[in-house]
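Student: If you scroll down you'll find the structure; I have some questions about it.
The values are calculated or read from the model by the stated rules, or taken from the named source; none is laboratory data. This one's a predicted model, so the numbers in the text were calculated from it and none came from an experiment. Cβ: placed from backbone, ideal geometry, glycine included. Neighbour counts: every protein chain shown.
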Amino acid sequence: MNLELLEKAKARIPSVPVLVNILSKRVRQLNGGMHPYVALREVAEGKIISEVDFDAIARQEEKQAKRLL
């Protein structure tokens, strides 16, 4: 895996679970015959985006972490 692309993609989509879901969806599209690109590079370059409230996700993750303590 290209760590530079990973860091660029995480800068655009800081939530790792959301990033994994986006990449998984793109891989499924590629497997279905859609125009090939490299999914992580597409995210890093802003070709694939997601409209997500990252603050809400962070709050939810904090709540889950507190429950585990």
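Student: When residues of the range 39-67 are filtered for being of a type in the set (A, V, I, L, M, F, W, C) and surrounded by 14 or more Cβ atoms within 10 Å (Cβ to Cβ), how many remain?
Tutor: 7
Student: Related question: Being modelled with pLDDT of 80 or more, of a type in the set (Gly, Ala, Ser) and loosely packed, with under 10 Cβ neighbours inside 10 Å, is that true of even one residue in the range 25-32?
Tutor: There is at least one residue in the range 25-32 that is modelled with pLDDT of 80 or more, of a type in the set (Gly, Ala, Ser) and loosely packed, with under 10 Cβ neighbours inside 10 Å.
Student: Going by the structure shown, is residue 18 surrounded by 10 or more Cβ atoms within 10 Å (Cβ to Cβ), at pLDDT 80 or above and not basic (Lys, Arg)? Spell out how you get there, then give the answer.
Tutor: Numbers: surrounded by 10 or more Cβ atoms within 10 Å (Cβ to Cβ): yes; at pLDDT 80 or above: yes; not basic (Lys, Arg): yes.
Against the criterion (surrounded by 10 or more Cβ atoms within 10 Å (Cβ to Cβ), at pLDDT 80 or above and not basic (Lys, Arg)), residue 18 qualifies.
Student: Would you pick out the residues in the range 4-25 that are closer than 11 Å to residue 50 by Cβ and of a type in the set (Lys, Arg)?
Tutor: If the condition is that a residue be closer than 11 Å to residue 50 by Cβ and of a type in the set (Lys, Arg), then 12, 25 are the ones that fit.
Student: Which members of the range 43-69 meet the condition of being within 21 Å of residue 3 (Cβ to Cβ) and either of a type in the set (A, V, I, L, M) or modelled with pLDDT under 80 (or both)? Please lay out each step first, then the result.
Tutor: In the first step, residues of the range 43-69 are kept if they are within 21 Å of residue 3 (Cβ to Cβ); the result is 43-48.
Matches in the range 43-69: 43, 44, 48.
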